[in-house]
Amino acid sequence: MAGMYRSRVSGIGSYLPEKILSNKDLEKMVETNDQWIVERTGIERRHIASEDQATSDLCVIAAKRALEDANLKVEDIDMILVGTVTGDHQMPSTACFVQAKLGAKNIMAVDLNAACSGFLYGVSIADQFIRTGMYKNILVIGAEVLSRYMNYKDRETCILFGDGAGAWVMSRAAEGQTNVIESSHLRADGTLADLLILPAGGSKIPQSHEAIDKGLNFMTMKGRDIFKNAVRTMASCCQEALEHNKVAPEQVDWIVPHQANKRIIEAVADQFKFPMERVIVYLQETGNTSAASIPLAFDWAVKNGKIKRGQTILLTAFGAGLTSGSILLRY
Ligand SMILES: CC(C)(COP(=O)(O)OP(=O)(O)OC[C@H]1O[C@@H](n2cnc3c(N)ncnc32)[C@H](O)[C@@H]1OP(=O)(O)O)[C@@H](O)C(=O)NCCC(=O)NCCS
């Protein structure tokens with residue numbers, strides 16, 4: 001019957017490429033230093049995909065780990081959603097390559113371009129498909145190879161970003177099960193789209209020698225404006241989730257925020273007087289991995305005994321678009 005089902009997280013997995021780019025490595029590439037990066041961002045290193053790895057390759061490793069954790073087979077999956085802004089190609093969707101590499105047959109597979117909020121958008125969409133009874137098991141992946149779009153001469157951006165992938169299997173919850181996705185609140189404000197943009201390669205500025213000469217093939221950002229908007233919007237999305245579910249901050253076991261900058265995370269937590277001991281921070285290891293950031297941090301927190309089954313978790317993200325959102329769930 002339509003609307004009678006709820007979704008739960010049945011399996012999680014993630015993958016970080018082996019190659020590491022440390023702050024010390026960056027010191028040799030741009031005018032920066034380890035101390036500045038750590039103090040201003042909290043980031044110590046990021047992982048970089050090897051030359052022969054495309055985004056779908058990262059997805060597949062994370063997805064297989066999530067399927068194993070869920071104790072499900074590829075044949076059980078009804079849909080694949082991939083949040084990414086750095087897909088294998090301009091078209092088709094990276095999700096289609098993931099589908100082929102996993103050997104999934106005759107199921108829907110599509111990418112979501114919502115930047116750093118891409119994973120939350122994916123979880124929310126999967127939740128809706130499961131709620132209506134349309135599908136039972138959905139693979140949601142967030143994955144990026146941002147290193148291919150970095151200008152390693154621009155110290156304001158290249159120090160921030162890294163590569164990686166995280167995946168969840170979301171499944172229909174059994175009747176009466178309380179470990180479910182409680183709510184999702186997603187937003188976009190396109191009036192601020194220029195604050196974080198990869199200008200060339202689309203229909204507005206097609207790829208050309210001129211575009212490359214101007215550096216329009218790299219991600220560009222207005223860091224300070226992004227910072228302010230990130231704090232404001234994530235705090236507001238979290239507030240919306242708490243009010244909607246009538247949950248007090250004390251009842252939330254963990255916040256898993258988008259891993260962009262430790263100071264942004266601290267400022268958001270401070271708005272709720274939420275102690276940092278219950279905030280997952282993993283960016284020291286990953287940098288900002290955009291759509292991969294939340295499932296990577298979540299997986300790390302579970303594997304390290306922080307997040308446990310049954311706990312109440314608040315996810316919140318913010319990214320290019322500008323997109324943002326929050327999801328409250330019982331894991
Ligand atoms: C980019 C960011 C780290 C810069 O930190 P900040 O504290 O705002 O620093 P400012 O931009 O005010 O710059 C301070 C100084 O450091 C310098 N600086 C910038 N990057 C530097 C670097 N990598 N190394 C050393 N110095 C740097 C600046 O040039 C500036 O110098 P000045 O005072 O002589 O002009 C920060 O604004 C940020 O994280 N913004 C959000 C970005 C983000 O998360 N984007 C993705 C969203 S999903």
Counting Lys +1, Arg +1, Asp -1, Glu -1, what net charge surrounds residue 22 among other residues with beta carbon under 12 Å of its beta carbon? 0
Total lysine pairs whose alpha carbons fall under 25 Å of each other in the range 184-331 (8 or more apart, or interchain): 15
Plugging the Cβ-Cβ distance of residue 227 and residue 74 into 1/(1 + (r/R0)^6) at R0 = 41 Å yields, to the nearest 0.05, a FRET efficiency of 0.50
Per residue, how large is the accessible surface of the range 181-330? Use a 1.4 angstrom probe and give square angstrom. 44
Any idea what the relative contact order of the chain is, in percent, if you count C-alpha pairs under 8 Å spaced at least 6 apart? 25
Name the residue from 248, 203, 178 whose Cα lies farthest towards the positive end of the charge dipole of the range 167-257, charges +1 on Cβ of Lys and Arg and -1 on Cβ of Asp and Glu. 203
Heavy-atom accessible area ranking, 1.4 Å probe, most first, across 168, 36: 36, 168
Over the chain, with every protein chain in place, what whole percent of the accessible area is carbon and sulfur at 1.4 Å, could you tell me? 50
Amide H neighbours of residue 6 under 5 Å, counting only residues 5+ apart in sequence or on other chains, H built in-plane at 1.01 Å? 173
Under-5 Å amide H pairs with residue 112, H placed in peptide plane, nonlocal only: 82, 83, 84
Relative to the Cα centre, what is the charge dipole magnitude of the range 181-330, using +1 at the beta carbon of each Lys and Arg, -1 at the beta carbon of each Asp and Glu, and rounding to the nearest 20 debye? 200
Order by protection proxy (mean Cβ within 10 Å, highest first), peptides 120-130, 242-252, 314-324, 99-109: 314-324, 120-130, 99-109, 242-252
Take each of the peptides 131-138, 55-62, 215-222, 10-17, average the number of other beta-carbon atoms within 10 Å over its residues, and list them starting from the highest. 55-62, 10-17, 131-138, 215-222
Between the modelled labels at residue 251 and residue 278 (7 Å from Cα along Cα→Cβ) the distance in nm is 1.2
If the chain between residue 28 and residue 64 were fully extended at 0.36 nm per residue, the gain over the current Cα-Cα distance would be 9.3 nm
Where nothing but the Cβ of Lys and Arg (+1) and of Asp and Glu (-1) is charged, how large is the charge dipole of the chain around its Cα centre, in debye to the nearest 20? 560
For residue 101, the lysines lying under 20 Å Cα to Cα, once residues fewer than eight places off in the same chain are dropped, come out as 64, 73
State to the nearest 20 debye the size of the charge dipole of the range 7-172 about its Cα centre, where the only charges are +1 on K and R beta carbons and -1 on D and E beta carbons. 460
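Hey, with R₀ at 45 Å, roughly what FRET efficiency would residue 197 and residue 271 work out to, going by the Cβ-Cβ distance, to 0.05?
That pair, residue 197 with residue 271, gives E of 0.95.
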Using Cα positions and a limit of under 18 Å, work out the aspartates and glutamates in reach of residue 136, with same-chain residues fewer than 8 apart set aside. 68, 69, 75, 76, 78, 127, 175, 182
So if each residue of separation counts as 0.36 nm, and I subtract the Cα-Cα distance between residue 105 and residue 212, what length gain in nm does that give? 34.7 nm
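Ranking request for peptides 173-182, 254-263, 229-238: highest mean number of other beta-carbon atoms within 10 Å first, then the rest in descending order.
Highest mean packing first, the order is 254-263, 229-238, 173-182.
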Read phi for every residue in the range 77-84 and hand back ³J(HN,Hα) as whole Hz from Karplus 6.51 cos²θ - 1.76 cosθ + 1.60, θ = phi - 60°, with x for Gly and Pro. 7, 9, 6, 10, 10, 10, x, 6
Output wanted: per-residue J couplings in Hz (rounded whole) for the range 202-208, from phi through Karplus 6.51 cos²θ - 1.76 cosθ + 1.60, θ = phi - 60°, x for Gly and Pro. x, 6, 6, 10, x, 4, 7
Mind listing the long-range amide H neighbours of residue 145? Cut-off is under 5 Å, sequence gap 5 or more, other chains count too, H placed in the peptide plane at 1.01 Å from N. 86
³J(HN,Hα) across the range 143-148 via Karplus (A = 6.51, B = -1.76, C = 1.60, θ = phi - 60°), whole Hz, x for Gly/Pro? 8, 8, 10, 5, 4, 6
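The values are calculated or read from the model by the stated rules, or taken from the named source; none is laboratory data. Predicted model, so just to flag it, every value in this text is computed and none were measured. All Cβ positions, glycine included, derive from the backbone under ideal geometry; neighbour counts span all protein chains shown. Just the protein is used for accessible areas: all its heavy atoms, side chains included, with ligands, DNA and RNA removed. Shrake-Rupley method; radii C 1.70, N 1.55, O 1.52, S 1.80 Å.
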